[in-house]
1. Once every DSSP H run of n ≥ 4 in the chain is given -39500 (n - 2.57) and the sum is divided by its residues, what mean residue ellipticity at 222 nm do you get, rounded to the nearest 500 deg cm²/dmol?
2. Return one whole number: the accessible area per residue of segment 322-427 in Å², for a 1.4 Å probe.
3. With viscosity set to 1.306 mPa s and temperature to 10 °C, compute the Stokes-Einstein D of segment 33-138, Rh being the Kirkwood radius across alpha carbon pairs; µm²/s, no decimals.
4. Limiting things to C-alpha atoms, what are the Rg and the maximum Cα-Cα separation (Dmax) for segment 408-531, in angstroms?
5. Report Rg (one decimal) and Dmax (nearest whole number) for segment 306-450, counting Cα atoms only, units Å.
6. Given the options Asn373, Gly281, Leu44, identify the residue whose Cα lies farthest towards the positive end of the charge dipole of the chain (+1 on Cβ of Lys, Arg; -1 on Cβ of Asp, Glu).
7. Around Val364, what is the net charge, scoring Lys/Arg as +1 and Asp/Glu as -1 over all other residues with Cβ under 15 Å from its Cβ?
8. If each of Val422 and Glu441 carries a label point 7 Å out from its Cα toward its Cβ, how far apart are those two points in nm?
Amino acid sequence: MASVNGSFASPSADAVISPRLFEPTGLLASVLEDFTVWKALLTLFIGAVIYDQFRYLWLKGSIVGPAWKLPFMGPFLQSVNPKFHEYKAKWDSGELSCVSVFHKFVVIASSRDMSRKIFNSPTYVKPCVVDVAHKLLGADNWVFLDGKDHVDFRKGLNGLFTRQALSCYLPRMEEVYNEYYARFLRISKENNCKPTPWMPEFRELMCAVSCRTFVGHYITEEAIQKIADDYYMITAALELVNFPFILPYTKAWYGKKAADMVLAEFAKCAAKSKANMAAGGEVSCIMDAWVKAQQDSAKYREKLAQGVPVDTNDKPPQLLRDFTDYEISQTIFTFLFASQDATSAASTWLFQLMADRPDVLDKVREENLRIRNGNVQAPLTMELLDNMTYTRAVVKETLRYRPPVIMVPYLVKKDFPISEGVTVSKGSMIIPSVWPACHDEDAYPNADSFDPDRWISGTAEQQTKNWLVFGTGPHYCLGQTYAQLNLMAMIGKASMEMDWEHTPTPESEDIKVFATIFPQDDCLLSFRPRP
Ligand code: HEM
């Protein structure tokens, strides 16, 4: 009896005996026997690591890059705090090199020709800025348009940067220089001319110049100050890789708050500009010029609709639709966004270089006094700027020697056969570089020396293929003429009104990457009025 079930219970009700529908045997049986949740997770993890490595190697193909990637994150920590020498090492490693950060496969082009090819291949690539930019600028912002939509929108903005338009903005720019140079002198005097880091001051100055040029006097001094103070948070939010959503109290969160504040301020300006232009006011800033172009287009369309005969000369060069205050604000914000870091970098290097090269500063000063017939107070005009041959060479050489934007991220939207044997896969990030083209010994002999004369008596002006400071192709910088005129006006005026001294440190020539590039020590300066 002992061998039979003596409990009168059904065998399947006995907890010890369970029915086995599938009974594995052999190796599978031994694997499954001690399979636990932890083991399952570990297996999944190892599978994911292997997939991540293989995916990286497959995307990498023959492109120069590390033989393997740190699982998942890759060199994420390096991308949070990028170092210039690390970029340089990448450029030196090959004309195409790669890294993979989390899910993003990134290809960096170093040579001039590869970089140009990317800039000029809109069928395969589009600018991708950084992920968080969509959240800061609004996903429907014009800068994210592609192809024909982008070209059409941009055509409507070209008129804001013509010579004639730019001359209307000069008085606003000059006002800001007057105000800030007085402030520079005051700060230095209060400090007993002790050298202090001036990079933050240049950032504020550029922010104020931009705000006054873009939205004139529709914005208050206090609002400009707040934008200048908070803009740091927008730049700090522009990391290469962010979380897919904005977590409270992170850099992206602070950046978004600052961006919303700027958008709200500019929207208020748009409403005021519309009222002023409708009442026949003078164009005095970029926003006015755009609002007026919209209102002129509306009038023209109205006449056509009413059957009123119109002269072909009355047709606006570009027929625009009406934009809402918010849309206008969004567009003007893209100008601030595009200009702030680049012009801050350029102005910091320009002041540092001028102080380090008194021979160059003397020539700038001499030219500026001469073209104004010795009148330091002569107002800034287009004619004056046209005559600043040497000052212009100094600005161009500064931009070549220290190009503010060293790389421009693009997104591959369709498998991109970039060279024989290399096709960069759709979804990858591809980055044309500006720095190497600007430091190419063939184009600019002694490329690592600062030599403005190369733009006057040398061949620099003919190296148009290497001049990638403002990009090239359909997305080339919309503000490039304005940016250069602004820098010329800035340094010309400073040279006549102030003396400044740079205190070099071992880090003055080292490059810090903060969206654009700055001297590592933030440029220690002190200012004195000129006798
Ligand atoms: C020294 C100052 C500046 C530098 C070095 C600079 C450089 C650049 C570069 C490299 C690009 C990307 C071009 C490309 O992808 O081909 C760009 C785009 C752009 N820049 Fe600038 N920029 C400067 C100042 C400005 C200013 C002052 C403005 C506005 C007033 C501006 C407005 C823009 C805009 C709107 C774009 C995007 C154009 C598009 O996608 O169609 N930039 N800039």
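The values are calculated or read from the model by the stated rules, or taken from the named source; none is laboratory data. Just so it is clear, the structure is predicted and the values come from calculations on it, not from any experiment. Heads up, the Cβs are rebuilt from the backbone with ideal geometry, glycines too, and the neighbour counts pull from every protein chain shown. Just so you know, the surface numbers come from the protein's heavy atoms only, side chains and all, with ligands and any DNA or RNA stripped out. Shrake-Rupley method; radii C 1.70, N 1.55, O 1.52, S 1.80 Å.
1. Details: 18 runs with 271 residues, N = 531.
Result for the chain: -16500 deg cm²/dmol, rounded to the nearest 500.
2. Values: 3870 Å² over 106 residues.
Dividing the accessible area of segment 322-427 by its residue count gives 37 Å².
3. Values: Rh = 16.2 Å.
It comes out at roughly 98 µm²/s.
4. Considering segment 408-531 through its Cα atoms, Rg and Dmax are 19.0, 64 Å.
5. Expressed in Å, the Cα Rg and Dmax of segment 306-450 come to 22.6, 65.
6. Gly281
7. On the way: positive: Arg357, Lys363, Arg365, Arg370, Arg372, Arg392, Lys396, Lys493, Arg530; negative: Asp356, Asp359, Asp362, Glu366, Glu367, Glu397, Asp451, Asp453, Glu497, Asp499.
Its environment carries a net charge of -1.
8. Output for this residue pair reads 2.2 nm.
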